[in-house]
1. Sort 397-407, 281-291 by the packing proxy (mean of other Cβ within 10 Å over each peptide's residues), most packed first.
2. Considering only Ser407, Cys210, His302, whose Cα is most displaced toward the positive end of the charge dipole of the chain, charges sitting on Cβ of Lys, Arg (+1) and Asp, Glu (-1)?
3. How about the stretch 186-241: which trypsin sites (Lys or Arg not before Pro) there are in a DSSP loop, with at most 15 other Cβ atoms within 10 Å of their Cβ?
4. Hey, what angle do you get for helix 60-70 against the long axis of the chain, alpha-carbon based, 0 to 90 degrees rounded to 10?
5. With every protein chain left in place, what is the accessible area per residue of the stretch 143-278 in square angstrom, probe 1.4 Å?
6. What does the chain give for Rg and for Dmax, in Å, if only its C-alpha atoms count?
7. Any lysines with Cα under 20 Å of the Lys294 Cα? List them, leaving off those in the same chain fewer than 8 positions away.
8. Once you have a ≥ b ≥ c as the square roots of the Cα gyration tensor eigenvalues for the stretch 1-144, tell me rounded if a/c is under 1.5, and otherwise prolate or oblate according to whether a/b is larger than b/c.
Amino acid sequence: MSSMRRKELEHIDKVLAEEKIVVFSPYEDEIYSEIEKCQNCSLCLTFCPVFEATGEFYPGPRGIADELSRDVREFWRASSIVYMCTLCGRCQERCPVNVPIPEVVMLLRSKIFVQRPDLVPEGLKVLLENVSRYGYIFEPMNPEEREESLRGRLERIGLPLRGDPPLRSGLVAYFPGCQAETRLLEVKEAGKLVLEAFDVDYGIPEKWKCCGLPVRLIGDSAMADELQRSFLEEMERMNVTDVVVTCAGCASELKSATKRLGSGIRVRHLVELLFEEVGVETISRKARVSDKVKVTLHEPCHLSRHIGRYTIDYAEEILRALPNVDYVGMRGADECCGAGGLLKFHNPFVSATIRNKKLEKISRSGAEVVVAPCPLCSVNISEGAARKRVSVGVDDLAVFLARRIYSE
Ligand code: SF4
Ligand code: SF4
């Protein structure tokens, strides 16, 4: 590019910035034109968990469409709406013209992060700082505390402790995710035990960091891209072709990252790997005939809608095949638990209201245990059950399986 042309472009950028004129990329143009399809029918509001929890206070997906239809250059007007969205995707599923609200919400959060950082909620900025400082969304425990907590947790549920097998060239990489690494420690261990039980040759990548999903949800797309690019490049360097994850959010985000970055690495949630590689019959044979238990399944939004309904069918089939597991369906199984979209950190009150509605549905199912194939959902539901004194067991799917396989 000639220096004269470069100066011209710099001048244009300066004028646009001074005049506060926002230039849209072709992708943004496309998204905005999608939202113009909104017919104001309000059908989406009937299915939006935030609207159900807050009523008129939350104008919902239709409100985002309304705000943008006035003047898309003033996209930040929708900021009070977009951080309240759990990104569950139910609106898009039910919208007669398929308006991609979750995609619009993500785009607006990323534009606000760059152009109006003052509007990013403070509660979310803390999470971003954690990722920058520790590599995880939550501050990790010190090693002694972690060891003590892990031993206690495993003892309570009757599971053995194993070391972390290092990732060697060509093995399956097990990506534990921030929640299982720093909070729900037993999920990481259970994931390892399940892989070991079915002779999966796996290792845990050294110095792995957050998958980037929470970072992207806060709006920092550049940091999320960088986390994902460096992880996938490292996997390619290690000749890894398969990554397995126990968290629904990490699975859906890393899957999208492989598509976006053109990586050939196959990312799968544990249920996909078990169903596709191990098979339901082998899983069933391996499981001990423990006490009879009535179980239902919570369907994480990141599995059922972001990855695909087939993952839920896999999980359901695996549970149904376990000896002495009496599987019962749940009305509202696919409804958000309230933690999605980081709502739990931005507005704990609304998040808990959504969770309470979910707990009512879990109770009505008559199940003794609700199984969630995602540690984020498991933690959220079990916190809610404890607070509301709902007598139901809550297990992450990896933990539930490991206990059926290993517990005496
Ligand atoms: S359902 Fe779709 S078309 Fe109807 S108001 Fe909602 S976003 Fe608009
Ligand atoms: S994605 Fe879910 S929470 Fe967000 S607007 Fe749509 S239905 Fe509501």
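The values are calculated or read from the model by the stated rules, or taken from the named source; none is laboratory data. No experiment lies behind these values; they were computed from the predicted model shown. Quick reminder, even Gly has a Cβ in these numbers, built from the backbone with ideal geometry, and neighbours come from all protein chains shown. These accessible areas exclude ligands, DNA and RNA; they are computed on the full protein's heavy atoms, side chains included. Shrake-Rupley method; radii C 1.70, N 1.55, O 1.52, S 1.80 Å.
1. Highest mean packing first, the order is 397-407, 281-291.
2. The residue sitting farthest along the positive end of the dipole is Ser407.
3. Numbers: sites: Lys188, Lys192, Lys207, Lys209, Arg216, Arg229, Arg237; in loops: Lys207, Lys209.
Here the trypsin sites (Lys or Arg not before Pro) that fit, given the DSSP loop and packing criteria, are Lys207.
4. It works out to around 20 degrees.
5. About 41 Å² of surface per residue is accessible.
6. Here Rg and the maximum Cα pair distance are 22.2, 78 Å.
7. Excluding near neighbours in sequence, the set is Lys286, Lys358, Lys361.
8. Oblate, because a/c is 1.5 or more while a/b does not exceed b/c.
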